[in-house]
Amino acid sequence: MSRISTPAVSRWLRRWSFSIVVVLALAGLPPLRGWTDFDLLRLDHIIALVMVAIGLNVVTGFAGQLSLGPGAVFAVGGYVAAILAFHYPDHVNLPVMCAVGIGAAAIVGLIAGVPALRVSGFYLGMVTLYLALLIPSIVDSFEVTGGNNGIDLLQKFPDFTQDLSGMPLYEVTLGAMLAVVAFTGLLLYSRVGRRFTALRTSEVLAESLGVKAYRTKLLAFVISALPAGLGGAFYVYSQELISKSSIDPLISINLLAACVIGGFGRVWGPVVGGAIVLGLDQFGSNIPLVGERLQEWELLINGVLLILIILLLPEGLVGFRPLDALRRLRRRGVELRVVRFPPTVMSSGPPPLRRCAEPAGVFELSGISKRFGGVLAVDGVDLTLRPGSLHALIGPNGSGKTTLLNVASGFYRNDSGTMTVGNVRTRGGDAVGVARLGVARTFQTPKLIAGVSILDNVLVAADTTVACTGFESVFRLPRGIRCHHVARERALDCLRHVGLEAAAGLHAGEAPHGTRRLVEIARAMATDPLFLLLDEPAAGLSPAEVEGLKRMLRSLSAAGVGVLLVEHNMPLVLDLADEVTVLHRGSRIAHGGPAEVRRHPDVMRVYLGAA
């Protein structure tokens, strides 16, 4: 009989122990405490709102889209379920109410997500908060919603009966919440979740990997609405009532506080934070001696707790792991030595995988110009990048190098000129389209997803090279599992290529600058590029790291990838480049081989400092 290794058991316990403790506590507390049906009703209330907080965590914690109005989606799901019960009291049961609530919430989530295509950050938060303020006024104005009195299923519609109540209803409600928690856990560690985290870090980063930011935002809003609609249906079924007071905008603020206290972006964060914030609201009066005071000071207590969490535990209660923190402090020197170890890229190491076997053609920029107001940043520049070659783009600061790179990668729309990748003509202003043609890039300041491992930073790019739907990935269907393994192996190959395979499990936020540069290059390689645009990759690297970078770039060229290198490190450029283009004040002043360009009089005068 095979044995399970002790490290495997230890990893399993570290990963699942917290979840097991929470589930056992939620399931066992009511029977042990001997709570009444009224107490269970209050627990049902808390759990229904926690489901809404879980949805908020998806759109704001996972995808980084500020939403201040989750109560609006909760209200719509609850009211639609209640209205359905009003019209068909004999035929409506809990599953039907849940299905209708989820469907209505998804529509509202889609509507709420549309502004995300136009605004972001503070402005998006204000739009969603206004929606939460608007819903109570809307339901107050229509007879079908019961006006100011709402819909009381127990008093107004005696034909409506609960199939479940008391402990059985609590168990079903708890089971639904745990299912939602499990779903968000599967979501976070799927290709969809990785795209959400890339979007949370930077829209520019997401689009550079070929991920459509607007579609990903919209998907996040729709997915986040599903638990909110489910919570609304469970709330109406358990409380048999929904009214204007049930959807007070303060609910949205409390749910936001719950996510911050528990930990935004953490699977269990909304549950832990919701138990504190909502539990204080429902059960604070039961605490001996101080119960009445707690009810009076509820907002003050929540506010103080929120401030303390933000200042002391910015990752929330769930994000704080004392044992891990002590372990990191004890091993900090060792970890940093591993991360800082110079890359050892072997010339015989695994070359990056190719998109296709046939030649890719060339990446040609012809007559590219870009103007910002009255400033002509790039003026009629021609540049041709060939497969398997390393083309350097140099020039003094302000010469237009990064602007040209931004045009070439689709982040700026060129005012004139044409761009062609192979036989496909593309245009500036379409970063996703350029990326999907096989053009990858890095940035002057590395854009890494700080809250995940180095491997996950590269895996988000490797996901784009495998044919798998988000549904298959989230629910771990056979093809989704196969594609994940393929993408993971590709990500590890790319890290091995830059000498960072040993650091794959370390958090990207803890990596030093030189490692961040190499991780970004590995991530660009993981997209299986035909052409790779590097923006000052040697900036801030040590001499040993620069030597590793040289070996890695040579192996990329040998594998057939065309590399465009924007760099100020002249020894690196002269040692590596097959061709060199020099810009000055937006115009091309020289082009040719390294030796030829080095002797060019204009280059010597404006860039190399010769008289």
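The values are calculated or read from the model by the stated rules, or taken from the named source; none is laboratory data. The structure presented is a predicted model; accordingly, all values stated were derived computationally and were not measured. Virtual Cβ from ideal backbone geometry, glycine too; neighbours counted across all protein chains shown. Note: accessible area is taken over every heavy atom of the protein model, side chains too, but ligands, DNA and RNA are not part of it. Shrake-Rupley method; radii C 1.70, N 1.55, O 1.52, S 1.80 Å.
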(request) Go through Val421, Tyr235, Leu576 and say which Cα lies farthest out towards the positive end of the charge dipole of the chain; charges sit on Cβ, +1 for Lys and Arg, -1 for Asp and Glu. (result) Leu576
(message) Could you check the spin-label model distance between Leu117 and Asp578? Points 7 Å from the Cα along Cα→Cβ, value in nm.
(response) 4.2
(request) Considering only DSSP beta bridges where both residues belong to the range 530-611, give the percentage that are antiparallel (nearest 5). (result) 50
(request) Report Thr36's accessible area, 1.4 Å probe, all protein chains in place, as a number in Å² to the nearest 10. (result) 70
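Order these peptides, 43-52, 181-190, 558-567, by their mean beta-carbon neighbour count within 10 angstrom, highest first.
Working: 43-52: 25.3, 181-190: 18.8, 558-567: 20.9.
Most protected by this proxy first, the peptides run 43-52, 558-567, 181-190.
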(request) Take every DSSP beta bridge with both residues inside the chain and express the antiparallel ones as a percent of the total, to the nearest 5. (result) 60
(message) Which order do you get for Trp297, Trp35, Trp268 if you rank them by accessible area with a 1.4 Å probe, largest at the top?
(response) Trp297, Trp35, Trp268
(message) Helix 322-340 against the longest principal axis of the chain: what's the angle in degrees, Cα atoms only, rounded to the nearest 10?
(response) 10
(request) Could you tell me the accessible area of Tyr123 in Å² (1.4 Å probe, neighbours in place), rounded to the nearest ten? (result) 150
(request) Please give the helix 94-113 orientation as an angle from the longest Cα principal axis of the chain, in degrees from 0 to 90, rounded to the nearest 10. (result) 40
(request) Using label points projected 7 Å from each Cα along Cα→Cβ, tell me how many nm separate Leu250 and Asp39, to one decimal. (result) 2.5
(message) So if I place +1 on the C-beta of Lys and Arg and -1 on the C-beta of Asp and Glu, and nothing else carries charge, what would the dipole magnitude of the range 170-245 be about its Cα centre? I want it in debye, nearest 20.
(response) 400
(request) For n ≥ 4 DSSP H runs only, could you compute -39500 (n - 2.57) per run for the chain, divide by its residues and tell me the 222 nm figure to the nearest 500? (result) -18000 deg cm²/dmol
(request) Would you be so kind as to identify which of Ala595, Phe221, Thr145 lies farthest towards the positive end of the dipole of the chain, taking Lys and Arg as +1 and Asp and Glu as -1 on Cβ and the Cα centre as origin? (result) Ala595
(request) Using packing as a proxy for protection, rank 521-529, 420-428, 493-501, 256-264 so that the peptide with the highest average count of other Cβ atoms within 10 Å comes first. (result) 521-529, 256-264, 493-501, 420-428
(message) Solvent-accessible area of Phe221, probe 1.4 Å, all protein chains present, reported in Å² to the nearest ten, please.
(response) 10
(request) Can you pull the one-decimal nm distance between simple spin-label points at His568 and Glu143, each 7 Å off the Cα toward Cβ? (result) 7.4
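Could you order His513, His87 by accessible surface area, starting with the largest, using a probe radius of 1.4 Å?
Ranked from most to least accessible, the order is His87, His513.
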(message) Can you give me the % of accessible surface on the chain that is carbon or sulfur? Probe 1.4 Å, all protein chains present, nothing else counted.
(response) 60
(request) Over the chain, give the accessible area per residue in Å² for a 1.4 Å probe, as an integer. (result) 45
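Rank these residues by their accessible area, most exposed first, probe 1.4 Å: Leu131, Leu541, Leu250. Don't jump to the answer; show the numbers that get you there.
Working: Leu131 45, Leu541 25, Leu250 75 Å².
From most accessible down to least: Leu250, Leu131, Leu541.
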(request) Determine, for the chain, the count of lysine pairs separated by eight or more sequence positions (or lying on different chains) whose alpha-carbon distance falls under 27 Å. (result) 10
